[in-house]
1. So B:HIS180 ticks every box in (1) within 16 Å of B:ALA209 (Cβ to Cβ); (2) buried (at least 20 other Cβ atoms within 10 Å of the Cβ); (3) within 9 Å of chain A (Cβ to nearest Cβ) but one. Which box is left unticked?
2. Kindly check whether there is at least one residue in the range A:196-215 that is charged (D, E, K, R) and within 12 Å of chain B (Cβ to nearest Cβ).
3. Considering each of A:MET7, A:MET1 in turn, give the residue that is in contact with an Asp or Glu (Cβ under 8 Å, 6 or more places away or on another chain), over 18 Å from A:ARG115 (Cβ atoms), outside the structural domain of A:PRO268 (by TED's automatic domain parsing) and modelled with pLDDT under 90.
4. Can you work out which of the residues in the range A:55-99 that are in a loop (DSSP other than H, G, I, E, B) and of a type in the set (D, E, K, R) is modelled with the lowest pLDDT?
5. Looking at (1) touching a Phe, Trp or Tyr at 6+ places or on another chain (Cβ under 7 Å); (2) under 26 Å from B:GLN201 (Cα atoms); (3) aliphatic (A, V, I, L, M), which is the only condition A:ALA211 fails?
6. Does B:ALA114 meet the test of being touching a residue at least 60 places away in the same chain (Cβ under 8 Å) and either on the phi < 0 side of the Ramachandran plot or assigned to a strand (DSSP E or B) (or both)?
7. When the residues of the range B:281-301 are narrowed to those that are within 26 Å of B:GLU232 (Cβ to Cβ), touching a residue at least 24 places away in the same chain (Cβ under 8 Å) and within 14 Å of chain A (Cβ to nearest Cβ), which ends up surrounded by the most Cβ atoms within 10 Å (Cβ to Cβ)?
8. Of the residues A:LEU273, A:LEU284, A:LEU251, which single one is of a type outside the set (S, T, N, Q) and either touching a helix residue (DSSP H, G or I) at 6+ places or on another chain (Cβ under 6 Å) or not assigned by TED's automatic domain parsing to the domain that holds A:HIS180 (or both)?
There are 2 protein chains.
Amino acid sequence: MERSKPMYGNGGTDGRVAIAVDFGGTNIKLGLVRQGQVVSRASLPSYSDQGLIGRLPAVEREIGRLLAERRLRPSDCAGLGIATPGMVDAEKGTILSINEKYADAVGFSFRDWARGAFDLRCVLENDARAALLGEIAYGAAVGETDAVLLTFGTGIGTAAVMNGRIVRGRHAQAGILGGHFATDIRGNACNCGNTGCLEAQAGHWALPALAKRHPGFAGSSLSRHGSLGYREIIEAAGSGDRVGAELLETLVAHWSAGIVNMIHAYDPETVVLSGGLMKSQAVLVPMLQEKVRQRSWTPWGEVKIVVSRDPDASVLWGLASLLNPK
Amino acid sequence: MERSKPMYGNGGTDGRVAIAVDFGGTNIKLGLVRQGQVVSRASLPSYSDQGLIGRLPAVEREIGRLLAERRLRPSDCAGLGIATPGMVDAEKGTILSINEKYADAVGFSFRDWARGAFDLRCVLENDARAALLGEIAYGAAVGETDAVLLTFGTGIGTAAVMNGRIVRGRHAQAGILGGHFATDIRGNACNCGNTGCLEAQAGHWALPALAKRHPGFAGSSLSRHGSLGYREIIEAAGSGDRVGAELLETLVAHWSAGIVNMIHAYDPETVVLSGGLMKSQAVLVPMLQEKVRQRSWTPWGEVKIVVSRDPDASVLWGLASLLNPK
């Protein structure tokens with residue numbers, strides 16, 4: 001099949017620093033990236049329930065501090081890259097829709113802000129897309145032309161690269177909604193409006209409700225936890241808790257169905273798994289690989305499943321690669 | 001967003017006839033297509049349980065007859081287009097994998113056959129992809145650059161066009177596996193190896209098992225049918241049969257989940273529905289539209305849902321458009 005060259009660069013062959021900011025739900029991660037190295041990093045609390053716009057002065061100060069530490073001026077930099085959850089119009093540099101606490105940023109011009117604050121150009125991208133571009137530029141999927149990413153955090157983010165190009169779609173929503181394919185039409189309502197979405201069944205935020213619906217919950221070690229997430233369920237399963245083991249089995253079925261759906265949708269060579277869930281990769285990845293091998297229809301061979309080595313860096317790398325196109 | 005021009009022609013602007021053959025599971029449909037008109041049509045029984053290769057002599061004779069009727073020689077034609085179910089390597093002109101009765105055709109060189117039989121070049125494409133290209137060239141989605149198709153026949157076939165190009169993917173399987181996204185991870189084993197596929201829950205072939213599992217089946221009017229398909233269930237629901245109505249509700253939930261999954265995967269402007277199920281479009285389409293409106297996350301607006309006016313012709317049109325690229 002005809003292969004086109006990837007349209008993304010390697011994050012700074014021109015040697016100039018890219019400023020990268022990743023607006024996560026809990027922390028805002030900042031970095032200076034030069035030739036694929038995150039040469040400086042910082043993190044600020046998001047306070048995302050108070051919105052995004054109000055955090056920009058703090059972000060501006062923190063960027064100023066990182067630049068000063070490296071004796072750089074904004075004019076030494078290639079530009080500013082910003083990642084956020086939600087649907088992003090990369091061309092206009094605005095957020096179209098966000099199913100999170102940053103709703104105040106919909107329609108905000110990050111370009112105008114970057115120009116005003118630093119006199120720099122700005123690229124904006126969905127965080128999962130930036131992560132996948134970063135994994136392809138410097139991470140676990142270097143050089144891949146066809147890859148998908150699933151990142152298991154509070155929600156489940158996804159992205160796809162086909163034939164060397166990030167999949168964006170007509171309205172900027174292609175590739176990023178793999179967490180909102182229904183894997184159980186009899187399942188929970190999702191906060192996106194759909195029913196039975198992967199994320200509403202098996203994302204971190206859905207786990208307390210999932211656990212509490214289990215008939216054995218009250219007698220399980222899980223009932224003694226103040227908060228219930230990926231880690232608590234995996235630990236309970238590992239320590240022989242029957243409810244924990246059953247919940248984990250259900251979750252693995254959903255997660256692997258989500259991976260298979262991404263394979264069936266975008267036909268990748270490689271699947272990159274990322275996010276907080278991958279702290280348990282030693283236990284989980286073999287289980288997921290086995291299920292995916294059984295269930296995916298890939299007569300050409302077997303999809304590689306790899307794990308992000310540095311999820312935070314991958315978003316920053318990806319933003320840098322968008323600022324330094326080949 | 002940058003829009004590229006569609007890479008497919010209009011099915012014969014040069015005025016030459018395209019020969020098109022659609023290998024369906026029940027019938028092989030043949031046509032001569034000139035400037036978007038199917039000027040001659042014929043149909044042969046598939047006998048698909050006996051394979052595909054054995055039917056080629058009959059196909060060759062029937063093409064010869066159609067050409068003779070129009071006083072055409074093969075050398076007057078632009079080429080031969082062939083559509084089959086399954087995964088097709090359009091570049092090599094071979095079938096890669098087929099989850100149907102035509103398994104004998106995997107790896108067969110349709111190009112060599114067409115050259116030997118007619119001294120014509122040959123294009124091969126998956127039938128749902130050909131149908132979508134045909135709908136875009138002459139059918140219900142004329143001029144769309146971003147569209148998906150779901151065709152509800154024995155199985156559920158799908159295809160996607162993004163930014164004016166048919167979505168094929170690295171291993172020729174992207175776009176066509178929408179019937180094999182899991183919509184119910186607790187559901188039936190599918191003949192593809194996956195569990196809970198849309199097709200295994202709500203495709204025509206899955207309906208007898210679905211109906212018989214309903215606790216009220218024995219007392220339902222449905223138990224008196226020799227065969228059970230889309231039509232019988234829709235008719236039972238329409239005539240007040242409670243089991244029929246409940247089954248239809250389940251099916252509509254699956255079908256609309258399948259449509260939403262295609263929207264979330266490929267971000268189209270338009271969804272084209274096709275296949276035998278659309279004989280009941282007057283009843284079904286309003287139900288599907290309502291569910292899809294509720295459940296799809298499309299902040300940019302509302303996806304149009306249209307129905308193929310001539311599903312058989314759309315495959316033939318699509319093949320002709322592949323033979324006459326702009």
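The values are calculated or read from the model by the stated rules, or taken from the named source; none is laboratory data. Nothing here was measured: the structure is a model prediction, and the numbers come from that model. Because the Cβ atoms are built from the backbone with ideal geometry, glycine has one as well, and the counts that use them run over all protein chains shown.
1. It fails just one condition, (1).
2. Yes.
3. Unique residue meeting the criteria: A:MET1.
4. Selected residue: A:GLU91.
5. So A:ALA211 meets the others, but not (2).
6. no
7. Once the filter is applied, the top-ranked residue is B:VAL292.
8. Result of the check over A:LEU273, A:LEU284, A:LEU251: A:LEU251.
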